[in-house]
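Right, one structure below, let's go through it.
Derivation of every value follows stated rules applied to the coordinates shown; laboratory data play no part. Treat the numbers as computed from the prediction; the structure is a model and nothing was measured. Note that each Cβ is placed from the backbone with ideal geometry, even for glycine, and that neighbours are counted across all protein chains shown.
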Amino acid sequence: MKNYIKLSIVALSMAGLTACDMDAPTQSTLDLQTIYSNEGLAEQAVMSIATSFGETNSYRGRYTPYYGLNTDCEVINKPDLSKTPDGGKNDLCAYNTTPTNSQMNSENNAYAMFYQGIERANLAIQGLRQYGNTASNAAMAQLLGEALTLRAVLYLDLVKAWGDVPARFEPVNSQTIYLPRTDRDSIYLQLLNDLEEAETLVAWPNESNVTKTTERVSKAFVKALRARIALYAGGYSYRQDKTVRLSNILNRTEMYNIARQECVDIINSGYNKLGEFKDNFTALCKEDVTAGRESIYEIPFAEGRGRVLYTFGVLHQHADQYTQQNKGGVNGPTPFLFYDYDVDDVRRDVTCVPYRWSNADYAVQELASLDRWCFGKLRYEWMNRIVTSTNDDGINFQYMRLGDVYLMAAEAINELDGPANAAQYLRPILERALPADKVSALMAQYTASKEAFFNGIVEQRKLELAGEMLRKADLVRWNLIDQKMAEAKTKLNDLRNREGDYADLPTKLYTKLNGENLIIYGLNHGDTDDYGKTLTDYEATTWISETKIQDNYIDGLYINTPSTHAIWPIWQTFVDGSNGRLSNDWLGF
């Protein structure tokens, strides 16, 4: 149903809101009772919430490409200290963001579009409660649950990026045009309560016609989202008192209990299945939105909207046989991520791609560079159609999948009950990635203690979810972001010098083409230049050296302390228009 993100008549009738939290909406041209007592009109109104996801500078072009970078597994391609400060893209990723950032400081950026979606959700929630007869009408109840859930998505991502933000859970009126920042803990509590209600309103995947697709909200997604919010709420963050700390209000054990219960419910329900790791991503690229497999919820984009492959796909340098769009490779894995995987880990070659497609009408794979890897989970060559837009590809952004649910369950249960009880939820993730003997060895290592199991979760979430823009928020909530980012710089230095864990790697890669596919020798630990030289029909290319990863790359990974600069300031245009209610003082602006 790839037409989800389109402005409907109802959406247009509500578009008097300019999307920021300072402007009151004009009167809707359609009476609320008329809209929300009619299933068709009410559905259009709820679907209009997701329209805000696809606006030019919302998830499509600003939030998804930039929030989540840089981490110990994901970088803008490529960091460069000589380009920072640039007031734009590099600053957003290098923990150096100012309120006047050129990519964001406008009235139609992600911050504004999120509030536009929230206002649409508020109107829908109010209208459905008043006129939807949700107690006896399952279709209307589903829509109310969807509206509550989509609002929670928007608020969660607002809090992740901007910390304490204005809380608006009712439609704007003249008395609530200007609101200050609200402590994020009260927002988290509201979202947890909203989703607890939404669980009672929506159907499991494939339990109704609506939930047959991953583009609509199901009970599995509501529960998974509630678990994710609980883990963030129970974790660390930088606060307005200028400390990195846990909540003074929310009980961490209670938050872990919520995450445990919700994730176990999803897994035990059996409505979603894991399947093979690669299959999840090929289905995403083939736009197969059938519910019940690993994918739980996808932000839906129409064919001419969304920049998912554009941003996260393997780089195509030319309008070739797979795409008329010469893009991909905007973001990529850190150069050492490939080497963090076991050689037998099936996730490695799906996630990390050392090649790009050549600059030709009929392209072939060619070796990229050590400092410009591509993510491989999303590929134009896996699609069933040719992308013809210059900027958009229409592939959905996978917001939640079952692999994440298993890892959240394992993390929460380890915290509450220890590794012996948590092991059964980590094991399936390892079993589909590694041979049985290596799974057994890792499980023995991880279950040695609660701390060892937590460290295993930290590692496996990186290897499982790299490129899905979850790592930054994970490192923040664990209070590990400073440590892991410092380790990343050390790893980069060791890699370029072939020291430490990288001492057994050859300096060169040896490649040849088999049709359009590149065969590569030299990427694995234990491969040698001595053997590579015997491959007489292969081309030798210097891969590892100081010139391949320069000081500017390493130093440009982060400029300021990540834990205190992971939060973006509210953009100056909104501060200036807030009637003095909004400030970035605690962030140093």
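What's the longest bit of the chain with no exposed GluC sites (Glu not before Pro), using DSSP loop states and at most 13 other Cβ atoms within 10 Å as the test?
My reading of the result: 1-275 is the longest stretch.
Stick to Cα atoms and the Kirkwood definition of Rh, then tell me Rg/Rh for the range 181-275.
When Rh is taken as the Kirkwood radius, the ratio is 1.05.
Give me the net charge for the shell around Pro85: Cβ to Cβ below 15 angstrom, other residues only, Lys and Arg +1, Asp and Glu -1.
Its environment carries a net charge of -2.
Which shape class applies to the range 315-441: rounded if a/c is under 1.5, otherwise prolate when a/b exceeds b/c and oblate if not, where a ≥ b ≥ c are the square roots of the Cα gyration tensor eigenvalues?
prolate
Place the peptides 332-338, 416-422 in order of packing, highest mean first, counting for every residue the other Cβ atoms within 10 Å and averaging per peptide.
332-338, 416-422
Counting trypsin sites (Lys or Arg not before Pro) as exposed when in a DSSP loop with at most 12 other beta carbons within 10 Å, what is the longest stretch of the chain free of them?
It runs 1-241.
As an exercise, use a Förster radius of 35 Å and the Cβ-Cβ distance of Thr100 and Thr182 to find the FRET efficiency, rounded to the nearest 0.05.
After rounding, the FRET efficiency stands at 0.90.
Rounding to the nearest 10 and keeping the result within 0 to 90°, find how far the Cα-based axis of helix 450-465 lies from the longest principal axis of the chain.
90 degrees
Measure out, as a whole number of angstrom, how far apart the alpha-carbon centroids of the range 558-589 and the range 46-125 sit.
The two parts, judged by their Cα centres, are 14 Å apart.
When the convex hull of the C-alpha atoms of the chain is computed, what volume per residue in Å³ does it have?
Here the figure is 141 Å³ per residue.
With each run of n ≥ 4 DSSP H residues scored as -39500 (n - 2.57), what mean residue ellipticity at 222 nm is computed for the chain after dividing by its residue count and rounding to the nearest 500 deg cm²/dmol?
Helices in the chain give a 222 nm mean residue ellipticity of -12500 deg cm²/dmol.
Could you tell me whether the range 238-373 comes out rounded, prolate or oblate from its Cα gyration tensor? Rule is a ≥ b ≥ c as square roots of the eigenvalues, rounded for a/c under 1.5, then prolate if a/b exceeds b/c, otherwise oblate.
It is prolate, given that a/c is not under 1.5 and a/b is the larger ratio.
Can you classify the range 116-206 as rounded, prolate or oblate using the Cα gyration tensor, where a ≥ b ≥ c are the square roots of its eigenvalues, rounded means a/c under 1.5, and otherwise it's prolate if a/b beats b/c and oblate if not?
Verdict is oblate for the range 116-206.
Could you give the angle, 0 to 90 degrees to the nearest 10, between helix 110-131's Cα long axis and the longest principal axis of the Cα atoms of the chain?
40 degrees
In nm, what is the difference between 0.36 nm times the number of residues separating Glu487 and Asp86 and their Cα-Cα distance?
Computed gain between Glu487 and Asp86 is 141.9 nm.
With axes computed from alpha carbons, what is the tilt in degrees of helix 419-431 against the longest principal axis of the chain, rounded to the nearest 10 within 0 to 90?
That helix lies at roughly 70 degrees to the long axis.
In Å, what Rg and Dmax follow from the Cα atoms of the range 73-162?
18.9, 62
Give me the percent of DSSP beta bridges within the chain that run antiparallel, rounded to the nearest 5.
90 percent
With the crude spin-label approximation of a point 7 Å out along Cα→Cβ, what separation in nm comes out for Ala444 versus Leu535?
3.3 nm
What net charge do the residues around Asn101 carry, taking every other residue with its C-beta under 11 Å from that of Asn101, with Lys and Arg at +1 and Asp and Glu at -1?
With Lys, Arg at +1 and Asp, Glu at -1, the neighbours total 0.
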